[in-house]
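Scroll down for the structure; my scribbles are underneath it.
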Amino acid sequence: MPSPRPNVFAIDPHNLFDSRPTFSHVAVSAPGSRVVMTAGQVGADVNGKVPGNVEEQIRLAFANLTRCLESVGAHVTDIVKLVYYIVDYDHTKRNHAKPLLDFLGGHRPATTLVPVPKLARPEFLFEVEAYVSLPQLPSQDVDVVVIGAGLSGLKAAYEVQQAGYSCAVVEARDRVGGKTWSSDRTDKGKFVDVGAAWINDTNQSEVFRLVQELGLETVVQNTTGNKLSEANGVESMLFLRNKAEEVCQSLDIRDPLRNGSHLDNMSFEDWVRSVTGPSESALASASIWTRAMLGMEPREVSALFFLNYCKSGGGLLQMRSDQKNGGQYLRLAKGTQKIAIGLANLLRPDTITLSSPVRVVEQAASAIQVHSTRRTYTCKRVIVSVPTPLYKEITFHPALPADKLELSRLNRHGYTNKVMVRYSSPWWRGYGLCGMLQSFAGPVTVTRDSSVDELGQFSLTCFCVGDWGRQLSKLSQAERFAAVVEHVTKTLGSAGSVPQPIGIEEHEWQWDQWSQGCPCPAAPPRVMTRLEPALRASHGKIHFVGTETAYEWKGYMDGALRSGARGGREVIDALGHGKL
């Protein structure tokens with residue numbers, strides 16, 4: 001996965017004034033590129049809200065332009081020309097200059113500033129449009145194309161290549177790993193996971209085997225010390241937990257409808273109320289479960305889906321456990337993205353193309369053509385490794401079957417934002433705490449100690465999820481971080497003083513172009529009953545994988561790998577059991 005060559009070249013003609021660092025007088029794209037043009041982007045968020053501060057509005061406009069670039073796999077360095085429009089431009093103020101330089105990061109496209117009396121709405125003060133040169137790669141013929149370089153896609157590609165077939169992996173992001181994403185803003189090897197973070201070494205055999213093969217160091221989740229729970233989640237909790245465990249253990253993960261179809265007629269909230277009556281305290285406990293595990297409220301998810309989801313990890317108690325055999329027993333010292341990076345390195349050289357969203361898949365009797373924004377592939381089989389709600393991002397010819405389209409439309413992601421708060425020391429342990437908080441008040445639902453002591457990385461993972469997370473998302477990032485730190489301080493830090501964080505980072509997965517939520521799509525009531533068979537069904541020569549399609553450990557890395565192995569086997573069987 002080499003770094004791309006420069007695609008746009010700045011030219012400074014002789015005898016013109018020095019335009020550095022803002023722009024170049026002439027910008028030229030490399031040969032064999034494709035032109036992409038964006039509409040004018042203004043400083044309004046997804047809800048149409050416009051910041052009152054001029055600089056904030058300009059930065060938001062550039063952030064929106066960045067999303068436009070991501071949608072075609074382009075980068076700022078692919079911009080040939082920028083045109084920006086400024087209302088009542090005052091050359092003595094130049095409010096746009098700093099945000100523009102920050103956005104360009106040293107890149108110098110040709111630019112034009114256009115002063116205007118007004119824009120489409122009176123509150124809009126700035127608008128920017130881009131002309132982009134997207135490098136094109138030669139077309140490629142392979143046996144199999146895998147769409148998506150998360151764990152499912154990489155595992156499928158590995159199985160296909162091991163069977164002797166040629167395979168290309170096409171990834172929209174500029175990295176591998178999907179929802180495994182390890183961040184090190186310290187540049188000192190002190191990674192934190194803003195995506196998937198936990199495994200175990202017993203019943204998550206697929207992921208642990210791979211971790212061992214790759215020689216990756218694991219860290220046992222800290223459980224030494226007391227846990228904290230904020231009030232309002234005690235009444236009927238043990239009864240409800242035991243009843244949920246009983247019901248989910250009665251389900252067959254390979255055929256949950258056989259004796260659980262009646263559970264699909266109600267939301268998980270409806271089921272909780274049928275068990276505990278009008279107890280708001282019991283519902284508060286159930287809300288912790290669905291928020292922490294799916295980023296959703298109990299009213300949003302089918303009772304059958306949630307209980308079957310739990311059963312896929314051995315049951316509610318085991319899936320939520322931080323102890324041996326539990327869902328959160330081990331972490332990776334240098335982050336879980338190392339799993340995807342290691343698996344990618346096991347593939348043949350030049351298998352993976354990054355920053356190359358697939359937009360069209362054309363299936364004919366003789367072959368399939370896969371059109372990404374950078375290359376066209378011709379192949380015999382396709383494996384789609386993206387979440388069901390993202391099927392809409394790809395145009396299929398012929399169209400997906402009606403049931404699969406409906407499943408894609410109805411399945412939904414929850415809201416998950418992992419706010420990682422770094423400290424210079426694990427101060428909570430000094431107060432006899434393990435770092436685990438369960439809150440019934442918000443804005444944080446659950447915290448866990450995500451430190452790696454040997455590397456001097458000390459942090460708390462703060463899950464801002466479900467409705468509380470959505471409300472928090474409406475605030476500015478500075479306000480979100482302040483609210484999270486305040487919540488941690490008044491709960492885990494209630495026994496004494498709390499040091500100031502040395503760093504805070506987050507990732508709001510709902511706004512991620514290529515995830516659109518986290519951790520795993522879930523079904524609302526009355527979807528599984530009608531559409532469960534469509535989840536894993538192939539469409540002609542196109543196969544579908546992803547952690548949501550796993551029978552074991554849905555939503556986890558182990559489930560992702562298991563689903564990728566299934567997709568690989570399906571394709572190998574279809575092609576004739578391998579060439580080796």
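The values are calculated or read from the model by the stated rules, or taken from the named source; none is laboratory data. No experiment lies behind these values; they were computed from the predicted model shown. All Cβ positions, even for glycine, are placed from backbone atoms using ideal geometry, and neighbour counts span all protein chains on display. Calculation scope for accessible area: heavy atoms of the full protein, side chains included, ligands and nucleic acids excluded. Shrake-Rupley method; radii C 1.70, N 1.55, O 1.52, S 1.80 Å.
Ratio of the stretch 468-580's C-alpha Rg to 2.2 N^0.38 Å, to two decimals? Don't jump to the answer; show the numbers that get you there.
Working: Rg = 21.3 Å, N = 113, 2.2 N^0.38 = 13.3 Å.
Relative to the 2.2 N^0.38 Å estimate, the stretch 468-580 comes out at 1.60.
Write down Rg/Rh for the stretch 58-194, rounded to two decimals, with Rg from the C-alpha atoms and Rh from the Kirkwood relation over Cα pairs.
On the way: Rg = 20.6 Å, Rh = 18.4 Å.
That ratio equals 1.11.
Quick one: in the stretch 178-279, what % of C-alpha pairs are over 20 Å apart? Provide the component values of the computation, followed by the final result.
Details: 3398 of 5151 pairs.
For the stretch 178-279, the fraction of Cα-Cα distances above 20 Å is 66 percent.
Report the paramagnetic label zone for ARG359: residues of the stretch 33-70 whose backbone N is under 19 Å from a point 7 Å from Cα along the Cα-to-Cβ axis.
33-41, 64-70
Given the alpha-carbon gyration tensor of the stretch 392-459, what are the semi-axes of its equivalent ellipsoid in whole angstrom, ordered largest first, with each equal to the square root of 5 times an eigenvalue? Display every interim value, and only then the final one.
Working: eigenvalues 370, 51, 14 Å².
Semi-axes (√(5λ), whole Å): 43, 16, 8.
In angstroms, what radius of gyration and Dmax does the stretch 1-55 have, counting Cα atoms only?
In order Rg, Dmax, the Cα atoms of the stretch 1-55 give 17.3, 47 Å.
DSSP loop chymotrypsin sites (Phe, Trp or Tyr not before Pro) in the stretch 72-106 with at most 14 other Cβ atoms within 10 Å of their Cβ, which ones? Please report the intermediate quantities before stating the final value.
On the way: sites: TYR84, TYR85, TYR89, PHE103; in loops: TYR89.
The qualifying sites: there are none.
Measure of size requested: the Rg and Dmax of the stretch 470-512, with Cα atoms as the atom set and Å as the unit; please supply both.
For the stretch 470-512, the Cα-based Rg and Dmax read 12.1, 38 Å.
Under 8 Å for C-alpha pairs, at least 6 residues apart: give me the relative contact order for the stretch 474-580, rounded to a whole percent. All intermediate terms of the calculation are to be shown ahead of the outcome.
Details: 65 pairs, mean separation 13.7, N = 107.
Taking the mean separation of contacting Cα pairs over the length of the stretch 474-580, I get 13 percent.
May I ask for the Kirkwood hydrodynamic radius of the stretch 507-560, worked out over all distinct Cα pairs and given in angstroms to one decimal? Provide the component values of the computation, followed by the final result.
On the way: mean 1/r = 0.0793 Å⁻¹.
Roughly 12.6 Å, rounded to one decimal.
Which value results for Rg/Rh of the stretch 241-332 when Rg is the Cα radius of gyration and Rh the Kirkwood radius based on the inverse mean 1/r?
Details: Rg = 12.9 Å, Rh = 13.3 Å.
That ratio equals 0.97.
What dipole magnitude, in Debye to the nearest 20, does the stretch 119-179 give about its Cα centre under +1 on Lys/Arg Cβ and -1 on Asp/Glu Cβ?
Numbers: 5 positive and 8 negative charges, 51 e Å.
Dipole size: approximately 240 debye.
Take every Cα pair under 8 Å in the stretch 327-474 that's 6+ residues apart, average their separations, divide by the length, and report that relative contact order as a whole percent. Don't skip to the answer; put the middle values down first.
On the way: 182 pairs, mean separation 23.3, N = 148.
Here the relative contact order equals 16 percent.
If the only charges are +1 at each Lys and Arg Cβ and -1 at each Asp and Glu Cβ, what is the size of the charge dipole of the chain around the Cα centre, to the nearest 20 debye?
Numbers: 62 positive and 59 negative charges, 116 e Å.
It works out to roughly 560 debye.
How large is Rg over Rh for the stretch 490-537, taking Rg from the Cα atoms and Rh as the Kirkwood inverse mean of 1/r across Cα pairs?
Working: Rg = 20.0 Å, Rh = 15.3 Å.
Reported Rg/Rh (Cα atoms, Kirkwood Rh): 1.30.
Under a 1.4 Å probe, what is the accessible area of the chain per residue, stated in Å²?
Details: 23950 Å² over 580 residues.
That works out to 41 Å² per residue.
Note the per residue figure in Å³ for the convex hull of the C-alpha positions in the stretch 269-414.
Working: hull volume 24.5 nm³, N = 146.
Convex hull of Cα atoms, per residue: 168 Å³.
Where Rh is the Kirkwood radius over the Cα pairs of the stretch 26-113, the temperature 37 °C and the viscosity 0.692 mPa s, what D in µm²/s does Stokes-Einstein return? Working shown, then result.
Values: Rh = 14.1 Å.
The calculation lands on 233 µm²/s.
What's the carbon and sulfur percent of the chain's accessible surface, probe 1.4 angstrom, rounded to a whole number? Could the numbers behind the result be given before it?
Working: 12560 of 23950 Å².
So the carbon and sulfur contribution to the accessible surface is 52 percent.
In the neighborhood of HIS371, defined by Cβ-to-Cβ distances under 11 Å, what is the net charge if each Lys or Arg adds +1 and each Asp or Glu adds -1? All intermediate terms of the calculation are to be shown ahead of the outcome.
Working: positive: ARG359, ARG374, ARG375; negative: GLU362.
In short, +2.
How charged is the neighbourhood of THR547? Take every other residue with its Cβ under 9 Å from the Cβ of THR547, and add Lys/Arg as +1 and Asp/Glu as -1. Write out the running numbers ahead of the final one.
Values: positive: LYS179, LYS554, ARG562; negative: GLU548, ASP558.
Around THR547, the surrounding residues sum to +1.
By how many nm would the segment from MET37 to HIS91 grow when fully extended, if each residue of separation counts as 0.36 nm and the alpha-carbon distance is taken off? List each step's numbers first, then the result.
Numbers: separation 54, 0.36 × 54 = 19.44 nm, distance 2.77 nm.
Length difference between fully extended and current span is 16.7 nm.
Could you work out the per residue convex hull volume over the alpha carbons of the chain, in cubic angstrom? Intermediate results must be reported in sequence, preceding the final value.
Values: hull volume 97.2 nm³, N = 580.
Normalising the Cα hull of the chain by residue number yields 168 Å³.
Ignoring the sites themselves, what is the longest stretch of the chain with no trypsin sites (Lys or Arg not before Pro) in a DSSP loop and at most 13 other beta-carbon atoms within 10 Å? Mind dumping the intermediate values first?
Numbers: sites that count: LYS49, LYS93, ARG94, LYS118, ARG185, LYS188, ARG254, LYS324, LYS474, LYS579.
By the stated rule (loop sites, at most 13 other Cβ atoms within 10 Å), 325-473.
Give me the Kirkwood hydrodynamic radius of the stretch 94-164 in Å, from all C-alpha pairs, to one decimal place?
The answer is 17.5 Å.
In Å, what is the Rg of the alpha-carbon atoms in the stretch 336-406, and how long is Dmax?
Values for the stretch 336-406 (Cα only, Rg and Dmax): 14.1, 40 Å.
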